[in-house]
Amino acid sequence: MAEANRTHLSADDIIICRDVHKWFDDFHVLQGVSLTIKRQEVVVICGPSGSGKSTLIRTINRLEEHQRGDIIVDGIELSHDIRNIEAVRREVGMVFQQFNLFPHLTVLQNVTLAPIWARKWPKEKAEETAIQLLERVGIPEQAHKYPGQLSGGQQQRVAIARALAMQPKIMLFDEPTSALDPEMIKEVLDVMRELARSGMTMIVVTHEMGFAREAAHRIVFFDAGNIVEQNTPEEFFANPKEERTKLFLSQILTH
Amino acid sequence: MSTNSAAVIRPPSPPGLVRWLKKNLFSTWYDALLTILAIALLYFVLKGALSWVLFTANWAPVINSPKLFAVGQYPPKQLWRVGTILFMVSFLFGLSWRVWGGTVRTFALTLAVALGIVALLPISMELKLRLGFLANPILTFIGYQVGRTPIGKSRWVALGWLLSFVLTILLLVGIEGVSWLPKVETGLWGGLLLTFLLALVGIVASFPIGVLLALGRQSKLPVLKGFCVLFIEIVRGVPLVTILFMASIILPLFLPGGVRIDRVLRAMVGMTLFAAAYMAENIRGGLQAIPRGQIEAAKAVGLNNFQTMGLIVLPQALRLVIPTIVGQFIALFMDTTLAAIVGLLELLAIGRAVLESNVEWKLLNMEVYLFIAVIFWVFNYAMSYASRRLEVALGVGER
């Protein structure tokens, strides 16, 4: 079982990436990334597109396979062992840029599906929890609609509720607001802020610097397959150390 | 009548009949000419066809051999089995009508009315048979009432249909050594009964096999994938007639002496494998249309591979390919006529047998084949109607 694979780590560290490499054919996407995330920490990863930041968080729940280095999530090492992969996926929730809701299921079914099938909860318990989560993200009245009948912002909030339904210890957000109309970005960010305040461990890939400034504990700047610099939001925005960071900030903050 | 709300803008009212005619059929002189020509053509064709159907045609072969067309040479003493199957279907339609509603209602009603009409037809018919037919609408009604009780749950109805399929086969085949349910040689099966059975078995069996083949073709295991690709490509490269010939003539040559596989069964297996290969390709099309994000989302919430396939990918993929699959069912239904070539007396072959059974009927090809064509059309239309309604019903929450 997973217990056997628990490696020694400081009780505070929930995700450890050590020298992670990943190639897409010949393209070296991740070039030896090392990153440690503490429990209840909110980390924003930013950087130019194509820099590998999405790929990094997708390796954390093994949607992408890393080819060198170690990734340890809540004491479970990600290897080829499918049981470890499934154990990690139950601990880690993910929210996608394109929502990826299941269009053939109602909102309620979207949220209860995984608890019923992967956690083997009875249907009543799953539905009760789902309703609570839908209330938490502010759309309990949409429970019986299909995803196609909701706005983008509502869909993304359902996606967050769906991920939370598995009661994950970690939430990954892969550009959660990039596909949204401007007037819907706030409603999603509000839910994420509330989640951050509640003590959830979060890794957020985003270009929303306002969110990064006020909700993140740490900002990680990513470029060309590796971390360029990381710091608290205050320091990161006020005193960027690397030239590439300064260039990126000047482009993203002045447009 | 006048209203004060002049500010309300209403959509333009539809034009009257005369204006509609003028606009659509007689707007120019050549429009008018074409309209008149078309009406004239329609009149002559319809008049000819109708007067042939009603007055010229000799329907004797059809009217005098209803049993042959319906069940072939199935022993008359055992016909109660076919009747029982019909009862079962009528009852289940009633039950499904109550539970599922919608299109099922149309089918249940059509079946009940049709069988009711058959019961009242002014032709010579044993009273027992007449009452048997009449019992069907009543059973539909009883089924509908049963649907109101706690049994009226979707899963029980589905189970009922599945069970009825097994019972149908069991009833028709019979059991060796049971005096009240003796074995009936499949060589005696015929007519619409055999056509239905070939199609039904083909449809029911080819669907799961097709799904498995489609999934196998996408597998990462090279042996499994190779086998599926090989099977699909070989079967798709060969005409159905060839497969039926192989199943009925060549296969027995390879079997050890003494082992005999039933002729009808061989045809069924041949048709099933043929249909499964095409089904697999259709379903693969649906599988490929499902965005990667769906699979990623399913995995990210912790579903395993089987759950991802069964709960997320397949339901969406199959919905996408309903029209193609039903089209294939219709094709399969009509392909059953090819079984005549290997000597099975399905509907078309029975038609020929009826023609040859009486010297006076020898030249009545038109009547018999038209009759058979109409039967095929009715069932094919029903299938395509059902598929259209199913698409609409499942279209909820379309992306």
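The values are calculated or read from the model by the stated rules, or taken from the named source; none is laboratory data. Since the model is a prediction, treat every value here as computed from it, not as a measurement. Please note: Cβ atoms are built from the backbone with ideal geometry, for glycine as well, and neighbour counts cover all protein chains shown.
At-a-glance table
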| quantity | calculated |
| --- | --- |
| Residue within segment B:322-345 that is farther than 20 Å from residue B:72 by Cβ, surrounded by fewer than 21 Cβ atoms within 10 Å (Cβ to Cβ) and charged (D, E, K, R) present | no |
| Residue in segment A:53-68 that is over 30 Å from residue A:130 (Cα atoms), surrounded by 23 or more Cβ atoms within 10 Å (Cβ to Cβ) and out of contact with any helix residue (DSSP H, G or I) (no Cβ under 7 Å at 6 or more places or on another chain) present | yes |
| Residue among B:96, B:154 that alone is within 29 Å of residue B:391 (Cβ to Cβ) and either touching a residue at least 60 places away in the same chain (Cβ under 8 Å) or among the aliphatic types (A, V, I, L, M) (or both) | B:96 |
| Filtered residue count, segment A:81-95, keeping only those that are within 13 Å of chain B (Cβ to nearest Cβ) and not in a helix (DSSP H, G or I) | 4 |
| Some residue of segment A:164-178 being assigned to a helix (DSSP H, G or I) and either more than 13 Å from every other protein chain (Cβ to nearest Cβ) or crowded, with 21+ Cβ neighbours inside 10 Å (or both) | yes |
| Looking only at segment B:250-264, and only at residues there that are surrounded by 14 or more Cβ atoms within 10 Å (Cβ to Cβ) and in contact (Cβ under 8 Å) with a residue 24 or more places away in the chain, the one that is farthest from residue B:320 (Cα to Cα) | B:263 |
| First in segment A:143-156 and more than 19 Å from residue A:129 (Cβ to Cβ), second anywhere and aromatic (Phe, Trp, Tyr), Cβ under 6 Å, 6 or more apart | A:155/A:99; A:156/A:99 |
| Subset tally (residues that are within 18 Å of residue B:269 (Cβ to Cβ) and in contact with a helix residue (DSSP H, G or I) (Cβ under 7 Å, 6 or more places away or on another chain)) for segment B:229-245 | 9 |
| Subset of segment A:114-137 (residues that are over 15 Å from residue A:155 (Cα atoms) and part of a loop (DSSP other than H, G, I, E, B)) | A:118, A:119, A:120, A:121, A:122 |
| Some residue of segment A:244-254 being crowded, with 19+ Cβ neighbours inside 10 Å and assigned to a helix (DSSP H, G or I) | yes |
| Test: residue in segment A:32-41 that is farther than 22 Å from residue A:213 by Cβ, in contact with a strand residue (DSSP E or B) (Cβ under 9 Å, 6 or more places away or on another chain), away from every other protein chain (no Cβ under 14 Å) and crowded, with 23+ Cβ neighbours inside 10 Å | yes |
| Failed criterion for residue A:120 (all others in (1) on the phi > 0 side of the Ramachandran plot; (2) touching a helix residue (DSSP H, G or I) at 6+ places or on another chain (Cβ under 9 Å) hold) | (2) |
| All positions within segment B:353-369 that are free of Cβ contacts under 8 Å to residues at least 60 places away in the same chain and out of contact with any helix residue (DSSP H, G or I) (no Cβ under 8 Å at 6 or more places or on another chain) | B:356, B:359, B:363 |
| Subset of segment A:203-225 (residues that are surrounded by fewer than 20 Cβ atoms within 10 Å (Cβ to Cβ) and in contact with a Cys (Cβ under 7 Å, 6 or more places away or on another chain)) | A:207 |
| Some residue of segment B:181-194 being in contact with a strand residue (DSSP E or B) (Cβ under 6 Å, 6 or more places away or on another chain), assigned to a helix (DSSP H, G or I) and aliphatic (A, V, I, L, M) | yes |
| In segment A:179-207, the residues that are within 16 Å of residue A:96 (Cβ to Cβ) and either part of a loop (DSSP other than H, G, I, E, B) or free of Cβ contacts under 8 Å to residues at least 12 places away in the same chain (or both) | A:179, A:180, A:206, A:207 |
| Restricting segment A:101-132 to residues that are away from chain B (no Cβ under 13 Å) and surrounded by 18 or more Cβ atoms within 10 Å (Cβ to Cβ), the residue that is farthest from residue B:394 (Cα to Cα) | A:129 |
| Candidate set: segment A:138-151, residues that are surrounded by fewer than 18 Cβ atoms within 10 Å (Cβ to Cβ) and in a helix (DSSP H, G or I); chosen: the one nearest to the other protein chains (Cβ to nearest Cβ) | A:148 |
| Residue A:185 vs. criteria hydrophobic (A, V, I, L, M, F, W, C), under 21 Å from residue A:46 (Cβ atoms) and away from chain B (no Cβ under 14 Å) | yes |
| Selected residue (criterion: modelled with the lowest pLDDT) from residues of segment B:64-99 that are buried (at least 16 other Cβ atoms within 10 Å of the Cβ) and of a type in the set (S, T, N, Q) | B:65 |
